[in-house]
Amino acid sequence: VKRSAKGNLYDIFRHRVMVPIIDVRGNIIAFGGRVMDDSKPKYINSPETMVYHKSRTLFALNVAKKSTSKRYILCEGYMDVIAMHQGGFGNAVATLGTAITSEHARLIARYAKVVYLAYDSDAAGQNATERAIRLLAEAGIEAKVIKMTGAKDPDEYIKTFGAPAFAKLLGASEGQIDFKLNGILKKYDLSVP
């Protein structure tokens, strides 16, 4: 709860779907809330506390660490991760309302050797992808970039095309050098010497 300007207490998560944020040991340490309509802000997470730090917590790592795969899928938000898990991809995790940090990368490095980046296809998502590639490389993790066409994020892609189609995207993902080169090539008209 929070206190309004008038001094009344109100529920900051009202009219939202509640999602528990669970640490790597299985303890609920915070909550996230997503609106069901178009009101703003779309997402609200619990404030940081002594046990909950956004920069050190990955959503669903408690589930992904049970996977035998040393390949994780890193998404932008918990709704994407929930859709991924429903689609059979139990190795999906997400940061919580913040860009990836070096602490996140070191945490992932304990469990995975390869990370597939499934960030949104918009400009912000592409910038976040570049940052993630750098931080993951510094932690000794190979980064691969998933290219989704026809959908803005993994949740929408799986709903539109299905989980088997998303699995094919994993196989066709780009390495970090190809991602950087393709980004450069998009900026210039190569037909002009």
What do you reckon, is residue 78 within 20 Å of residue 159 (Cα to Cα), out of contact with any helix residue (DSSP H, G or I) (no Cβ under 8 Å at 6 or more places or on another chain), at pLDDT below 95 and of a type in the set (Ser, Thr, Tyr)?
-> yes
Identify the residue in region 156-193 that is at pLDDT below 90 and among the acidic types (Asp, Glu) and, among all such residues, is surrounded by the fewest Cβ atoms within 10 Å (Cβ to Cβ).
-> 189
Is there a residue in region 6-28 that is within 27 Å of residue 148 (Cα to Cα), open to solvent by 80 Å² or more (accessible area, probe 1.4 Å) and either assigned to a strand (DSSP E or B) or at pLDDT below 95 (or both)?
-> no
So how many residues does region 129-167 have that are closer than 17 Å to residue 86 by Cα and in a helix (DSSP H, G or I)?
-> 13
Give the residue, chosen from 107, 74, that is among the hydrophobic types (A, V, I, L, M, F, W, C) and buried (at least 21 other Cβ atoms within 10 Å of the Cβ).
-> 74
Give the residues of region 168-183 that are assigned to a helix (DSSP H, G or I) and charged (D, E, K, R), sorted by residue number.
-> 168, 178, 180
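The values are calculated or read from the model by the stated rules, or taken from the named source; none is laboratory data. No experiment lies behind these values; they were computed from the predicted model shown. Note that each Cβ is placed from the backbone with ideal geometry, even for glycine, and that neighbours are counted across all protein chains shown. Quick note on the areas: whole protein, heavy atoms, side chains included, nothing else; ligands and nucleic acids left out. Shrake-Rupley method; radii C 1.70, N 1.55, O 1.52, S 1.80 Å.
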